[in-house]
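Q: Here it is, the structure in full.
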Amino acid sequence: MICFGHSAQGLPIFSYPFGQEGPEILLMGGVHGDEPEGIYLALGLLNRFLDSFPYHLKITLIPIFNPDGALTAKRTNGNQVDLNRNLPTKNWTEKYDTPRYNPGPSSGSEPENQALIHWLKTHSPKLIMTFHSWNPIINTNGNCQPEAGILAKTLGYKMSDDIGYPTPGSLGEYCGLERNIPTITYEVEKGLPAPEVLKHHIPAVEKALQASQKR
């Protein structure tokens, strides 16, 4: 376990490294604190990896990227900023319609994202997968079709490079479109109970990771 960084309220963000060789992968849950289904999935993967890690991969797993939001069941961090609208993308904007999508006072202003940007500068991930919850969809940014296709087929989810609305300052924009780091935004069905998340989604991710070994 490694302290990846700290939240706006000073809480530690923990990451867990697995594997010594092979393509590097970043897995993240809890970007939005009101999407517990993604946290269930990330924690389920953590338990699975601690028990057995049969992959030729170097994985960094962050189960709860936004601990402030997770503790309060809010989308935003302790500064009331949406972390997935705060990254310094070319299309970042200070404009927003509702407080849920507050992009912050400036791009990259939040300590959680500053820690993520630092990690990205010192690592070379071949794929990023973030676990959210909303309408079931596997949203792709960049060349992540092999893994996304496996997820979509296994789960019966739609796969698309268009999530249906603008996402300035998002991880998909920052990494997938602007830095050529394939990025999957994995939207688990909202309201799915934790046992169902673990039952159906852990095996799907495991199948996708098997494919990632070929990157």
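Q: Any idea which of ASP97, ASP51 is charged (D, E, K, R), modelled with pLDDT under 95 and surrounded by fewer than 23 Cβ atoms within 10 Å (Cβ to Cβ)?
A: ASP97
Q: Right, here's the next one. If we only count strands (runs of 3 or more DSSP E) wholly inside the stretch 127-192, which ones have 1 or more residues that are farther than 17 Å from HIS32 by Cβ, in contact (Cβ under 8 Å) with a residue 12 or more places away in the chain and open to solvent by 30 Å² or more (accessible area, probe 1.4 Å)?
A: In the stretch 127-192, 158-160 are the strands (runs of 3 or more DSSP E) which contain 1 or more residues that are farther than 17 Å from HIS32 by Cβ, in contact (Cβ under 8 Å) with a residue 12 or more places away in the chain and open to solvent by 30 Å² or more (accessible area, probe 1.4 Å).
Q: Now for a different question. Can you name the residue in the stretch 81-109 that is touching a helix residue (DSSP H, G or I) at 6+ places or on another chain (Cβ under 6 Å) and charged (D, E, K, R) and, of all such residues, is nearest to GLY10 (Cα to Cα)?
A: ASP82
Q: Output the residues belonging to the stretch 193-215 that are open to solvent by 50 Å² or more (accessible area, probe 1.4 Å) and under 22 Å from ALA73 (Cα atoms).
A: Matches in the stretch 193-215: PRO193, PRO195, GLU196, LEU198.
Q: While we're on this one: Can you find, within the stretch 32-48, the residue that is nearest to GLU110 (Cα to Cα) among those that are among the aliphatic types (A, V, I, L, M), open to solvent by less than 10 Å² (accessible area, probe 1.4 Å) and in contact with a Gly (Cβ under 8 Å, 6 or more places away or on another chain)?
A: ALA42
Q: Counting only residues that are of a type in the set (Lys, Arg) and in a loop (DSSP other than H, G, I, E, B), which one in the stretch 78-112 is farthest from the chain's Cα centre (by Cα)?
A: Among those that are of a type in the set (Lys, Arg) and in a loop (DSSP other than H, G, I, E, B), it is LYS95.
Q: Okay, next question. For the list (1) touching a Cys at 6+ places or on another chain (Cβ under 9 Å); (2) farther than 24 Å from THR76 by Cα, I need the number of the one condition that PHE53 fails.
A: Going through (1) touching a Cys at 6+ places or on another chain (Cβ under 9 Å); (2) farther than 24 Å from THR76 by Cα one by one, PHE53 breaks only (1).
Q: Report the residue count in the stretch 25-46 for those that are in contact (Cβ under 8 Å) with a residue 60 or more places away in the chain and either out of contact with any helix residue (DSSP H, G or I) (no Cβ under 8 Å at 6 or more places or on another chain) or not in a loop (DSSP other than H, G, I, E, B) (or both).
A: 15
Q: Restricting to the stretch 1-24, count the residues that are among the hydrophobic types (A, V, I, L, M, F, W, C) and in a loop (DSSP other than H, G, I, E, B). Quick ask: steps written out before the conclusion?
A: The first filter runs over the stretch 1-24 and keeps only residues among the hydrophobic types (A, V, I, L, M, F, W, C), leaving 1-4, 8, 11, 13-14, 18.
Narrowing further to those that are in a loop (DSSP other than H, G, I, E, B): 1, 8, 11.
So the count comes out to 3.
Q: Can you pull out the residues in the stretch 160-215 that are within 30 Å of SER106 (Cα to Cα) and of a type in the set (Ser, Thr, Tyr)?
A: SER160, TYR165, THR167, SER170, TYR174, THR183, THR185, TYR186
Q: Give the stretch 54-77 a look and list any residue that's in a loop (DSSP other than H, G, I, E, B), under 18 Å from GLY5 (Cβ atoms) and open to solvent by 20 Å² or more (accessible area, probe 1.4 Å), or say none. Give the derivation first.
A: Filtering the stretch 54-77 down to residues in a loop (DSSP other than H, G, I, E, B) leaves 54-57, 63-66, 73-77.
Right, trim to under 18 Å from GLY5 (Cβ atoms) and you get 63-66, 76-77.
Residue satisfying the conditions is ILE64 alone.
The values are calculated or read from the model by the stated rules, or taken from the named source; none is laboratory data. Note that the coordinates shown come from a computational prediction; the quantities given were computed from them, not determined experimentally. Ideal geometry is used to build each Cβ from the backbone, glycine not excepted, and the neighbour counts take in all protein chains shown. We work out accessible area using only protein heavy atoms, side chains counted, and drop any ligands, DNA or RNA first. Shrake-Rupley method; radii C 1.70, N 1.55, O 1.52, S 1.80 Å.
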